[in-house]
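Structure first, then comments.
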Amino acid sequence: MSSLLGSDQPAAERHEAGTRAALARLGRRLAGAGPAGTRRGGGRIGVIVTGCVLAILAVLPLVTLQIPWILPGPVDVLNSAGTLEVLGLCFVFAGVAAGFDLLIGFTGLLSFGQVLYFATGVYVLDAALSVWHWALLPAAALTMAVGGVLAVLLGSISLKARGIAFAMVTLAFAQAGYYLIEDNPHGLTGGDSGLVMSTSRLPAFLVGVASTRSLYWLTLAFLVAAYGITWLATESVTGQVFLAIRESERRTEVLGLRPFPFKLASFVISSLIATAGGMVYLLLVGTAAPDAVASTTVTVSILVMVVLGGLGTRWGAVIGAIVYVYLQQYLLKIAAEPSFATLPAVLRVPLSQPDFLLGAIFIAFILFAPGGIAGLARRWWPARS
Amino acid sequence: MSTFVAITISGLALGSVYFLIASGLSLIYGLMDVLNFAHGIFLTLGAYAGFDLASRMSAAADPAGFLLTAAVAAACGAVIAAMTELVLIRPLYGRPVSQILVTIGLDVALVGLLLGIYGSNARVITVPAWLTGVTSLGSERIPNGDFVALGTGAAVLAALGWFLRRTRYGIIIRAGAENRDMVRALGINVGRAFTLVFTIGGAAAGLAGLLNSVVFNGGLVDPSQGDQLLIFAFIVVVIGGLGSLAGSAVAAVLVGLVQVYVSFYAGTSAGLAQLGNVSVVLVLAIVLLARPGGLLGRTA
């Protein structure tokens, strides 16, 4: 079992065929035979659908439509601040999840430390803005640099381990990061109580009441950028090597490629997307709290999003994250309704906990639809695959 | 120097709690290749079962009452773990990643459920006064709880060692860890051994959850205590070598001692309160760089 996630196929033969196909594809690409093999994704129709959805999402803050029931905000208006904020949160995690899919879905590296890079984005930017009072651009540049250095350094160390040991080492590093944040070194993190972002050096469009809209567009732009980078990385020749490593690291070596630099590249790209996501999260939410952005539960959430959507499909991770975050916020809203308190305790207690419901939904997916939402979509519309 | 002995005993006691958790993780991983993320919830549920019983029982402050509480905590962990194996793990045989993911989902769901039932505030378990007292050993004053944890850890280690070496099922478990298919080919029901390791692991975890609350947290139980401990247990299992029980025992003691020494001798300075925890991660990194398979593990 050289690659952990590549080995989880119900039928050994199918796995074998998949390995052979991925390696053959890689072989052809390396030989310069041009793009070969089946194209994933919906081709032209996919591009049109994606374009339409993006256009609708982009003009959404300008639409004062009343929609009853399904909106997560306190007001039933489509472009109310509450709804836009929840959607922004959805987009932030969708981008981070797409980046995480690159690592676990496409390269087969099960990391449990993704939160470390997300927290780096949140906390370094927060410290630069609020403690050192830097301007936004240099602060963001510093944050990305720190995230990159950290990813290269810790990635190189943890990739010495394989499979479960790799997962555990990444988990341990992330936990060490959490403890450091809790320790509040030099007053940089605010410790347990967190650190509120100072808005004094932010550009005007990101501050005040009007910022809701611009922050929404910022998160949407982040999602598009994160998805685009993931798409480029997975569709390139390098992406073919990622797939080959996922299927069989040993055979990739036989083709004359050293897996390590490719694994590190996947790790660093994925981590940098998480760091950028952390920065956008801070701008959107305005505060950094260790339990919300640095604890292992965040890694678990991101993992659940990607698996819920469907590993190794990119768009699945995006859908999974949006569904997860939206449901989480929406269920909280439902639980706060006055009529909810009249339910009997047997129903009220479990239903008031989004984590319980999301965990149960996740278990149901693993048991009955292991391909996630993307797998279900493929089962219902086979032509799309 | 005078505190050194007390600190050492405290570190050994902490190591014992880690061993109780890690032994189950290690047995399950060794036999089934499943990294059980739901182990944390087994121990939280054990602690809550103990709390529930102790809060209803008038004799909770007697030694016999405490023994009963501990037995219930272990039984609760064992039952939940056995059910997890039968209901969630069994349908996913042959798909190790799905098995890991389903245990993650179970952990998320049950922590949420506990939050709903008990709220996020910690509760306090009633325990005998003796347990929170200290014993004077020469000039040393050592908390009695440390001895209880240490004794439990040693007893479980001895019992597991005997069970794995001397009983039929123990031998099946060890053989299954070596080569599952061969054991199955010999006509032995390995599935029953799977349920068994989950049950044993769950019982040890439930006990560990209760002991951790009573000995190290002043009797407090809270819904996320399992997840915090689980990370250290994972570190112990990886340092010891995945699947090696002896390795887990050695690593548990090592991690417990390092954590306690570092937090006592260096963690009192300002801003370094978590240094003990961070040092454990450093130990893990060093061990894995020197020996990727862990201290006593088979090389992967």
Residue of B:34, B:197, B:262 that the Gaussian network model of chain B assigns the largest fluctuation, springs spanning Cα pairs under 10 Å: B:262
Computed over the range A:32-167: relative contact order in percent, which uses C-alpha pairs under 8 Å that are six or more apart: 14
log₁₀ of I(q)/I(0) at q = 0.08, 0.10, 0.15, 0.19 Å⁻¹ - the range B:2-223, Debye sum with one point per alpha carbon: -0.31, -0.48, -0.97, -1.33
Pairs of Cα atoms farther than 17 Å apart, the range A:184-248, %: 67
The range A:124-207: C-alpha pair distances exceeding 15 Å, %: 66
Centroid-to-centroid separation of the range A:64-93 and the range B:152-207 [C-alpha atoms, Å]: 52
Neighbourhood net charge (14 Å Cβ-Cβ; Lys/Arg +1, Asp/Glu -1) for residue B:60: 0
Relative contact order of the range B:2-223, pairs being alpha-carbon contacts under 8 Å that are 6 or more residues apart, as %: 42
For chain B, built as a Gaussian network whose Cα springs stay under 10 Å, the top-fluctuating residue of B:228, B:259, B:99: B:228
Segment residue B:3-residue B:186, length gained on full extension (0.36 nm per residue, minus Cα span): 60.3 nm
Given 15 as the ceiling on other Cβ atoms within 10 Å, longest exposed-site-free region of chain A for chymotrypsin sites (Phe, Trp or Tyr not before Pro) in DSSP loops: A:133-385
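Can you check how the C-alpha radius of gyration of the range B:154-300 compares to 2.2 N^0.38 Å, as a plain ratio? Before the final figure, lay out each step's value.
Numbers: Rg = 17.7 Å, N = 147, 2.2 N^0.38 = 14.7 Å.
Working it through for the range B:154-300, the quotient is 1.21.
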Chain A - percent relative contact order, Cα under 8 Å, separation 6 or more: 27
Among A:359, B:230, A:236 the positive-end extreme of the charge dipole of the protein assembly as shown (Cβ point charges): A:236
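Based on the Kirkwood radius over alpha-carbon pairs, what is the Stokes-Einstein translational diffusion coefficient of the protein assembly as shown at 37 °C with 0.692 mPa s viscosity, in µm²/s? Walk me through the numbers before you get to the answer.
Values: Rh = 26.3 Å.
For the chosen part, D equals 125 µm²/s.
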Column: log10 I(q)/I(0), Debye, Cα scatterers of the range B:1-87, q = 0.13 Å⁻¹: -0.57
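Based solely on its DSSP helices, what 222 nm [θ] is calculated for chain A when runs of n ≥ 4 H residues each add -39,500 (n - 2.57) and the sum is averaged over all residues, nearest 500 deg cm²/dmol?
Numbers: 16 runs with 254 residues, N = 385.
So the helix-based figure for chain A works out to -22000 deg cm²/dmol.
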Footprinting exposure proxy for A:301, A:236, A:214 (fewest neighbouring C-beta atoms within 10 Å first): A:236, A:214, A:301
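Rounded to whole Å and sorted largest first, what semi-axes of the equivalent ellipsoid does the C-alpha gyration tensor of the range A:244-385 yield via the square root of 5 times each eigenvalue?
Working: eigenvalues 239, 95, 33 Å².
They are 35, 22, 13 Å, listed largest first.
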Acute angle (nearest 10 degrees) that the helix B:168-178 long axis makes with the longest principal axis of chain B, alpha-carbon atoms: 80
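Using the 10 angstrom Cβ neighbour count as an exposure proxy, how do A:263, A:333 rank, fewest first? Mind dumping the intermediate values first?
On the way: A:263 23, A:333 15.
Fewest to most other Cβ atoms nearby, the residues stand as A:333, A:263.
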Summed residue charge, Cβ within 14 Å of residue B:134's Cβ, Lys/Arg positive, Asp/Glu negative: -1
Angle between chain B longest axis and helix B:144-166 axis [Cα atoms, degrees, rounded to 10]: 20
Separation of alpha-carbon centers, the range A:250-304 and the range A:223-242, rounded to whole Å: 14
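By the scheme Lys and Arg +1, Asp and Glu -1, what is the net charge of all other residues having a beta-carbon under 14 Å from that of residue B:43?
Working: positive: none; negative: B:107, B:222, B:227.
Taking every other residue near residue B:43 into account, the sum is -3.
List A:334, A:70 from most exposed to least, where exposure is judged by having the fewest other Cβ atoms within 10 Å.
Details: A:334 15, A:70 9.
Final ranking by Cβ density, sparse to dense: A:70, A:334.
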Rg(Cα) / (2.2 N^0.38 Å) computed for chain A, rounded to two decimals: 1.01
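Counting each DSSP H run of 4 or more residues in chain B as -39500 (n - 2.57), what helix-only mean residue ellipticity at 222 nm follows after dividing by all residues, to the nearest 500 deg cm²/dmol?
Numbers: 12 runs with 213 residues, N = 300.
Helix contribution divided over all residues of chain B: -24000 deg cm²/dmol.
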Given charges at beta-carbon only (K, R positive; D, E negative), |dipole| of the range B:2-223 in Debye: 580
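The numbers here are math on the coordinates, done by the rules we state, and not lab data. Keep in mind that what you see is a predicted model, and the values were worked out from it rather than measured. Quick reminder, even Gly has a Cβ in these numbers, built from the backbone with ideal geometry, and neighbours come from all protein chains shown.
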